[in-house]
Amino acid sequence: MSSLTKPLAAPRATGPIILAWAFVERQKNLWKRYWAWELVWLVYGVVNTLAITFIAREVEQAGIVGAGGANDLVLFLLLGTLVWAYLSAVLDDISLVITWERWEGTIEHTLMAPVPRWVHLVGMSVFGVLHAIVRTLLIFAIALPFFAVDFSQADWLAAVVVMAVGSVSIAGIGILAGVLPLLYPERGTQMSFMAQAVVLLISGVYYSVEVLPAWLQFLSYASPATYLLDGIRGAIIEGQSVGALAETLAILAIFGALLVPFSVFVFAVAERWAKRTGKLKRQG
């Protein structure tokens, strides 16, 4: 039998890891195309970090606290702004999963492709985490020379572990927020940003949650970002080890184990509803 008449071999099955990584590659190429916006958000992140952290120096010059207290406040605010830069980047990339598809005109191709939805969402989450790491490290490198910060007590391994475990639950929140553009094509994207604003308010990014009113303090316990920030500050400011942060890590792990499967399930239900009601491709 000639090569022209031989039946074509069936393509080898593609594993979920390769499929998920394909979405990472696709998002990377999209960001390369929109590099000017990436520059905008990098500059915004640097300016926001400097503006918030300089508050500590203003407090020192006003004589409200001494030099030692001001240095502690600098580190507290610097870590808060950096962690929020990371969290907001992760939430943006994941929660805009549907918005990106509508912008690019690929929503039907992506959501009708024979790819398990959890694989698609995991790929988008992995990209969000990697992208956020790169952006946050750049902000940190640019902002650090402006301040004399003491990292002598920092346990960097513990900080990395807290960030890794906490990122899973943040991905779950991002997927839940990504459901909103499915349900509300006209206002869903705006609603997802409003959800981020609530997380910013209740999680103690720029202040400890103890200064919040009692009812907001209660809500802060439901935000994994609260525990992630506590863990990062404990590891870097107080030098707490992985063992000392075991309780915080356990809470973050529970959040991740509950939020990710639940968010994928909710997304799948919302997707089926959007397809049935004709809202999948609507933009207004």
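The values are calculated or read from the model by the stated rules, or taken from the named source; none is laboratory data. All of these numbers come straight from a predicted model, not from anything done at the bench. Here the Cβ is made from the backbone with ideal geometry for all residues, glycine too, and neighbour counts use every protein chain on show.
A few points about this structure:
- Close Cβ contacts (under 6 Å, 6 or more residues apart or on different chains) running from residues in region 187-201 that are farther than 14 Å from Thr81 by Cα and touching a residue at least 60 places away in the same chain (Cβ under 8 Å) to residues that are surrounded by 12 or more Cβ atoms within 10 Å (Cβ to Cβ) and among the polar types (S, T, N, Q) comprise Thr189/Thr99; Ser192/Ser95.
- Listed by first and then second residue, the pairs linking a residue in region 255-284 that is surrounded by 14 or more Cβ atoms within 10 Å (Cβ to Cβ) and assigned to a helix (DSSP H, G or I) to a residue that is of a type in the set (S, T, N, Q) and modelled with pLDDT of 90 or more, with Cβ atoms under 6 Å apart and 6 or more places separating them unless they lie on different chains, are Phe255/Ser169; Gly256/Ser169; Leu259/Ser169.
- Pick from region 243-254, criterion among the aliphatic types (A, V, I, L, M) and assigned to a helix (DSSP H, G or I), ranking: nearest to Gly166 (Cα to Cα): Leu252
For (1) touching a Ser or Thr at 6+ places or on another chain (Cβ under 9 Å); (2) closer than 22 Å to Ile254 by Cβ; (3) among the acidic types (Asp, Glu), each residue gets a yes or a no:
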| position | (1), (2), (3) |
| --- | --- |
| Ile139 | yes, no, no |
| Ala143 | yes, no, no |
| Ala154 | no, no, no |
| Ala159 | no, yes, no |
| Ala164 | no, yes, no |
| Gly172 | yes, yes, no |
| Phe193 | yes, no, no |
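- Residues of region 174-211 that turn out to be within 22 Å of Ala268 (Cα to Cα) and of a type in the set (Gly, Ala, Ser), as a count: 6
- The C-beta contact set for region 80-102 (first residue basic (Lys, Arg), second residue in a helix (DSSP H, G or I), distance under 8 angstrom, 6+ apart or interchain) comprises Arg102/Pro181.
- Answer residue from region 91-106, given it is surrounded by fewer than 21 Cβ atoms within 10 Å (Cβ to Cβ) and not aromatic (Phe, Trp, Tyr) and is nearest to Ala171 (Cα to Cα) among those: Asp92
- Test: residue in region 245-256 that is in contact with a Phe, Trp or Tyr (Cβ under 6 Å, 6 or more places away or on another chain) and not polar (S, T, N, Q): yes
- Within region 127-166, the set of residues being loosely packed, with under 12 Cβ neighbours inside 10 Å, more than 19 Å from Leu228 (Cα to Cα) and either over 20 Å from the mean Cα position of the chain (by Cα) or in contact (Cβ under 8 Å) with a residue 24 or more places away in the chain (or both) comprises Pro145, Ala148, Asp150, Ser152.
- Answer residue from region 190-226, given it is over 22 Å from Ile237 (Cα atoms) and of a type in the set (Gly, Ala, Ser) and is surrounded by the most Cβ atoms within 10 Å (Cβ to Cβ) among those: Ser192
- When region 224-242 is limited to residues that are not small (Gly, Ala, Ser) and not in a helix (DSSP H, G or I), the one that is nearest to Leu157 (Cα to Cα) turns out to be Val242.
- Screening Gly123 with (1) of a type outside the set (D, E, K, R); (2) closer than 21 Å to Phe151 by Cβ; (3) touching a Phe, Trp or Tyr at 6+ places or on another chain (Cβ under 6 Å) gives one miss only, at (2).
- Scanning region 15-66 for residues that are within 23 Å of Val122 (Cβ to Cβ), in contact (Cβ under 8 Å) with a residue 12 or more places away in the chain and of a type in the set (A, V, I, L, M, F, W, C) gives Leu19, Ala20, Trp21, Ala22, Phe23, Val24, Leu30, Trp31.
- Of residues in region 103-119 being touching a residue at least 60 places away in the same chain (Cβ under 8 Å) and touching a helix residue (DSSP H, G or I) at 6+ places or on another chain (Cβ under 6 Å), the one farthest from Trp21 (Cα to Cα): Ile107
- Taken over region 56-92, residues that are farther than 15 Å from Leu228 by Cα and polar (S, T, N, Q) amount to 2.
- Residue match in region 212-223 (condition: part of a helix (DSSP H, G or I) and within 17 Å of the chain's Cα centre (by Cα)): no
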